[in-house]
Amino acid sequence: MNPIERIKDEKNGLDILDEIDELAAQHGGWETLEPDDRERLKWIGIFFRKPTPGRFMMRIRITNGQLASRQLHTLASLAQRLGNGVIDITTRQQLELRAVQIRDVPDILEALRGVDLTSLQTGMDNIRGVNTCALSGLTPYELFDAAPVGEQFTQTFLGNREYTNLPRKLNVTITGCLENCTHSETQDIALTPAIGPRAAHGFNVAVGGKMGSGGMTVAQPLDIFVAPGEASSLAATITLLFRDEGAREQRTKTRLAFLVQEWGAELFRQRLEERWGAPFTSAGRDVRMQHTTDHLGVAAQRQEGLYSVGLCVPTGRTQAADMMELARLAEVYGAGAIRLTTGQNAIVVGVPEEDVQPLLDETLLTRFSPSPPAFTRGLVSCTGKDYCNLALIETKALGKQLAESLAARFPDAAPLTMNWSGCPAGCGNHHAADIGFQGAKARVDGEVVDAVSIFVGGRTGTDPRPGEKFMDLVPVSMLDELMPVVIDNLATLKKIRREQPAEDRVLMVPVS
Ligand code: HEM
Ligand code: SF4
């Protein structure tokens, strides 16, 4: 039994919630925490960070990436009062507070409860924040609003011990967006918009996608169409199938992808159908468009006279004061609501036409731009060396710096995605980007220096592909010089792909 399985076997991870007051009061310091309890804290969203001992990261679940301005204000004030003022927006549309002390956790949990937020099950072998289109219910380019399904599914598993001992983490996207904004193809469970029998709106189902050190695995379609009313239940059934049948030995081989690989999609579907207890309907017509979107900039909502204003937050790293200001702007100009995107950005929604320009004139928008330069627009970065002990390099500042220098040199470039991961774990989704950077170390003249492996041509959407390694172990000091070569190669690669015959392309679900 691997150490994590032992920890889970001895006690349910969620039990730590009942013990947290005692742990915080009794120990008064992190040094006396038992190593197993330190792991268990991740079940309530509290992460020991080796580079900052005693200062924990706290991950807040933001279901569907939707939050109210008062919730954001509360988080920002917690970050200021009990953290170090830094808040990160993650690629799962979640928020992370930095440098929290264990003695303050009970107060933070209380404050979160006060605004209907939770940090439960945001780490370890749990169902992570459920993703959906950041403009769910608002964008004209969706089949239907899928957010209620994500909410219903979350209510099923949150605080429910049936779902807190999975073989590994489980990433879920449930989306009605036609513009592929959530990279569904890399999720363990992906429900994407489709039209079923009698023109019914619903989802096609794919399973077993993942990112990470083994590379990007594209989720396999199960040839199932599910109606919105049954979708949450189906996601729960898939989760329990994974819980009961997924391998639990080697941690590197326990994601749902490995079970899907072992069984094949057909057998997986069969076993799932047995649990489901009724025959499945075959996949519906995949109605997603060919392109992907980031939902940045000013866009008309479905609701007449209202607009969304998507703001670029470079690498998702923010200061609490800026988040408070964002919450205020959402109150003053919008519907008091903010949406987070999988590109680590934020959207003010429900802005009446006459308030769009005054919002655009606000000072904060000089930092969080609705129309950023091409290279900053698609920039995503994992935590990197600042707070992550696995990081081989610093990522966020380096990514920003490179994006700025490229913008100056290629002012007319079309938007492209540049994703950074500080190590092979791949939390920054670098395999799914136009240009992906993976942190490494290289030896130059006998000296060890920060380096990256560069991947090009990765993408998600209806034609998903992992990026191909283009250069290995490039010292970061040489990046400026080498980037034109990478960009040229990328342009060629994109051209080649566009010319490929349609049948050669990997569609997630065949269009019938
Ligand atoms: C061996 C595999 C992995 C390890 C050890 C690992 C480790 C970590 C750590 C330590 C953090 C927190 C860093 C911090 O913010 O302080 C993190 C965050 C994160 N990781 Fe990974 N990771 C792994 C694989 C992955 C994979 C395959 C993905 C999918 C792309 C991923 C996505 C994320 C995301 C999105 C976050 C930000 C928080 C969230 O919203 O869940 N990780 N990871
Ligand atoms: S990719 Fe590596 S460095 Fe970045 S957050 Fe994940 S584990 Fe840490």
* Asked: How many residues does region 439-465 hold that are touching a Lys or Arg at 6+ places or on another chain (Cβ under 9 Å) and either in a loop (DSSP other than H, G, I, E, B) or closer than 19 Å to Pro314 by Cα (or both)?
  -> 6
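Filtering region 393-420 down to residues that are of a type in the set (Lys, Arg) and under 25 Å from Thr292 (Cα atoms), which residue is surrounded by the most Cβ atoms within 10 Å (Cβ to Cβ)?
Kept after step one, since they are of a type in the set (Lys, Arg), are these residues of region 393-420: 396, 400, 409.
Now restrict to residues that are under 25 Å from Thr292 (Cα atoms): 396, 400.
On the way: Lys396: 24, Lys400: 18.
Filtering region 393-420 for residues that are of a type in the set (Lys, Arg) and under 25 Å from Thr292 (Cα atoms), the one surrounded by the most Cβ atoms within 10 Å (Cβ to Cβ) comes out as Lys396.
Within region 114-129, count every residue that is under 23 Å from the mean Cα position of the chain (by Cα) and not in a loop (DSSP other than H, G, I, E, B).
First pass over region 114-129, keeping only residues under 23 Å from the mean Cα position of the chain (by Cα): 115-129.
The next check asks that each one be not in a loop (DSSP other than H, G, I, E, B); those that pass are 118, 127.
Residues flagged as under 23 Å from the mean Cα position of the chain (by Cα) and not in a loop (DSSP other than H, G, I, E, B) within region 114-129 amount to 2.
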* From Gly229, Gly215, grab the single residue that is free of Cβ contacts under 8 Å to residues at least 40 places away in the same chain and of a type in the set (Gly, Ala, Ser). => Gly229
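Taking the condition outside the structural domain of Ala403 (by TED's automatic domain parsing) and modelled with pLDDT under 95, does Thr292 pass?
yes
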* Structure fact -> How many residues of region 375-394 are over 23 Å from Ala414 (Cα atoms) and either more than 9 Å from ligand 1 (Cβ to nearest atom) or not in a helix (DSSP H, G or I) (or both)? The answer is 11
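Might you let me know whether region 399-415 holds any residue that is within 30 Å of Thr252 (Cβ to Cβ) and away from ligand 2 (no atom under 16 Å from the Cβ)?
Initial filter on region 399-415 (within 30 Å of Thr252 (Cβ to Cβ)): 399.
Those still in the list that are away from ligand 2 (no atom under 16 Å from the Cβ) too: none.
No; the residues of region 399-415 include none that is within 30 Å of Thr252 (Cβ to Cβ) and away from ligand 2 (no atom under 16 Å from the Cβ).
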* Asked: Restricting the search to region 371-381, which residues are in contact (Cβ under 8 Å) with a residue 60 or more places away in the chain and crowded, with 19+ Cβ neighbours inside 10 Å?
  -> Pro372, Thr376, Arg377, Gly378, Leu379, Val380, Ser381
* Asked: Would you pick out the residues in region 330-350 that are outside any loop (DSSP other than H, G, I, E, B) and surrounded by fewer than 24 Cβ atoms within 10 Å (Cβ to Cβ)?
  -> Glu331, Val332, Tyr333, Ala337, Gly350
* To do: Please verify whether region 298-321 includes one or more residues that are crowded, with 19+ Cβ neighbours inside 10 Å, in a helix (DSSP H, G or I) and among the aliphatic types (A, V, I, L, M).
  => yes
* In region 374-392, how many are in contact with a helix residue (DSSP H, G or I) (Cβ under 6 Å, 6 or more places away or on another chain) and farther than 18 Å from Thr292 by Cα? -> 3
* Asked: Would it be correct to say that Val474 is aliphatic (A, V, I, L, M), modelled with pLDDT of 90 or more, buried (at least 20 other Cβ atoms within 10 Å of the Cβ) and within 16 Å of ligand 2 (Cβ to nearest atom)?
  -> no
* **Condition met for Val485 (over 25 Å from the mean Cα position of the chain (by Cα), aliphatic (A, V, I, L, M), assigned to a loop (DSSP other than H, G, I, E, B) and at pLDDT below 90)** => no
* Structure fact -> Scanning region 421-449 for residues that are hydrophobic (A, V, I, L, M, F, W, C) and surrounded by fewer than 17 Cβ atoms within 10 Å (Cβ to Cβ), the one farthest from ligand 1 (Cβ to nearest atom) turns out to be Val444
* Residues satisfying the stated conditions in region 271-292, i.e. touching a Leu at 6+ places or on another chain (Cβ under 9 Å) and not aliphatic (A, V, I, L, M) -> Arg271, Arg275, Trp276, Phe280, Asp286, Arg288
* Asked: Which residues, counting only those in region 1-36, are of a type in the set (S, T, N, Q), out of contact with any Asp or Glu (no Cβ under 8 Å at 6 or more places or on another chain) and in contact (Cβ under 8 Å) with a residue 40 or more places away in the chain?
  -> Asn12
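The values are calculated or read from the model by the stated rules, or taken from the named source; none is laboratory data. What you see is a predicted model, and the numbers here were worked out from it, not measured in a lab. Cβ sites come from the backbone with ideal geometry, for glycine too, and all protein chains shown count toward neighbours.
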